[in-house]
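The values are calculated or read from the model by the stated rules, or taken from the named source; none is laboratory data. This one's a predicted model, so the numbers in the text were calculated from it and none came from an experiment. Quick reminder, even Gly has a Cβ in these numbers, built from the backbone with ideal geometry, and neighbours come from all protein chains shown. Only protein heavy atoms, including side chains, enter the accessible area calculation; ligands, DNA and RNA are left aside. Shrake-Rupley method; radii C 1.70, N 1.55, O 1.52, S 1.80 Å.
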Amino acid sequence: IDHVSEGRLIVGIGTGWNEREHRAYALPFPSAGDRVEMLDESIQIMRSLFANTRTTFEGVHYQLHDAPFAPKPIQSHLPFMIGGGRPKMLKLIARHADIWDSGRTPTELREGIATITEHCQEFGRDPLSIIHSVSLGADKLESPVGFAEMVREYRAAGASQLLFDLPLSDAGIASTRQIATEIIPGLRQELN
């Protein structure tokens with residue numbers, strides 16, 4: 001995908017949370033703690049596969065022995081966007097994420113950023129190297145009223161990007177078009 005997109009791939013990843021989806025596909029649904037450990041190992045493995053000719057990894061959940069991976073990504077450092085918000089996930093995010101995505105309120109976002117910053121210090125990592133993203137529902141695009149203020153609040157809390165589900169109704173699509181053409185250009189100018 002990185003090749004097809006000419007080096008624009010962002011790997012979006014998390015632990016999985018929807019037990020019903022796992023059951024529907026007969027996939028195991030380990031405990032939350034195990035899923036965080038599995039994600040940590042998975043990211044270490046992917047980083048190694050993307051960078052090295054061969055990868056050997058001996059983890060609790062995964063083992064690879066002299067495993068090849070080709071083709072390598074175009075990007076020398078393929079960015080990982082990791083979603084999550086619980087304490088163990090925030091520590092994992094501080095360790096591995098290029099982008100942290102959450103669905104938090106501005107106040108909760110500030111709290112999460114503070115926690116991630118503390119963990120970054122433990123790992124000797126610059127907390128400013130992590131982009132803060134917030135995913136919001138389509139309802140936030142159903143009306144332009146209050147949209148600009150919401151964006152300002154998230155930006156003040158530390159969000160660098162906001163992601164929205166696309167509305168499906170004609171009215172929601174019309175509102176989204178209005179927000180995109182009339183509100184967002186002014187916000188870009190104001191907030192940059």
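Of note:
- Residue selected from the stretch 1-20 under the condition free of Cβ contacts under 8 Å to residues at least 24 places away in the same chain and part of a loop (DSSP other than H, G, I, E, B), by the criterion farthest from the chain's Cα centre (by Cα): V4
- Residue in the stretch 123-143 that is surrounded by fewer than 19 Cβ atoms within 10 Å (Cβ to Cβ), part of a strand (DSSP E or B) and not hydroxyl-bearing (S, T, Y) present: yes
- In the stretch 49-63, residue nearest to E108 (Cα to Cα) [restricted to those that are open to solvent by 30 Å² or more (accessible area, probe 1.4 Å) and in contact with a Leu (Cβ under 8 Å, 6 or more places away or on another chain)]: F50
- Scanning the stretch 144-183 for residues that are touching a residue at least 24 places away in the same chain (Cβ under 8 Å), aliphatic (A, V, I, L, M) and open to solvent by 30 Å² or more (accessible area, probe 1.4 Å) yields A156, L162, L163, L166, L168, A171, I183.
- Cβ pairs under 7 Å, 6+ apart, first in the stretch 21-42 and under 25 Å from T56 (Cα atoms) and in contact (Cβ under 8 Å) with a residue 24 or more places away in the chain, second outside any loop (DSSP other than H, G, I, E, B) and not aliphatic (A, V, I, L, M): G33/K88; V36/K88
- Of the residues D66, D34, D40, the single one that is loosely packed, with under 13 Cβ neighbours inside 10 Å and not in a loop (DSSP other than H, G, I, E, B) is D66.
- Residue match in the stretch 87-105 (condition: part of a loop (DSSP other than H, G, I, E, B), over 24 Å from A32 (Cα atoms), out of contact with any Lys or Arg (no Cβ under 6 Å at 6 or more places or on another chain) and at pLDDT 95 or above): no
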